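Only one structure is covered here, and it is reproduced in the block below.
The values are calculated or read from the model by the stated rules, or taken from the named source; none is laboratory data. Given the structure is predicted, the values throughout are model-derived calculations rather than measurements. Heads up, the Cβs are rebuilt from the backbone with ideal geometry, glycines too, and the neighbour counts pull from every protein chain shown.
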Amino acid sequence: MARPHYRQPMINRMARIEGHVRAVRGMLESERDCPDVLVQLSAIRSALDGVARLVFEDHLDNCVLDAVETGDVQAKIADIKAAFARYFLP
């Protein structure tokens, strides 16, 4: 598990993404043009990928490093492989 102070940038980004999602909902409710909505959805997807990158980096920096120090490397490698598979191949 990540140390709490490492998570604050992720939490901040998620708050911004949440605002963007609400804005897209408003765009849909006001019947904005589809290309405009798609551009915003693309930006949201890119922002989510950025958060995912931070989560994976945090995992490598903290959990995997802890596993190396405790000798639990194979289990952590299996965990990260499973997480990658779930994220990239839903």
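At a glance:
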read-out: Exclusive hit being without any contact (Cβ under 8 Å) to a residue 40 or more places away in the chain, outside any helix (DSSP H, G or I) and out of contact with any strand residue (DSSP E or B) (no Cβ under 6 Å at 6 or more places or on another chain), set 32, 22, 86, 16; value: 32
read-out: Subset tally (residues that are loosely packed, with under 15 Cβ neighbours inside 10 Å and within 18 Å of residue 10 (Cβ to Cβ)) for the stretch 26-47; value: 3
read-out: Residue, farthest from residue 11 (Cα to Cα), within the stretch 58-80, restricted to residues that are within 16 Å of the chain's Cα centre (by Cα) and not aliphatic (A, V, I, L, M); value: 61
read-out: Unique match (being out of contact with any helix residue (DSSP H, G or I) (no Cβ under 8 Å at 6 or more places or on another chain), at negative phi and modelled with pLDDT of 85 or more) among 47, 85, 52; value: 85
read-out: Residue 66 surrounded by 10 or more Cβ atoms within 10 Å (Cβ to Cβ) and modelled with pLDDT of 90 or more; value: no
read-out: Boolean, residue 81 is more than 21 Å from residue 7 (Cβ to Cβ) and in a helix (DSSP H, G or I); value: yes
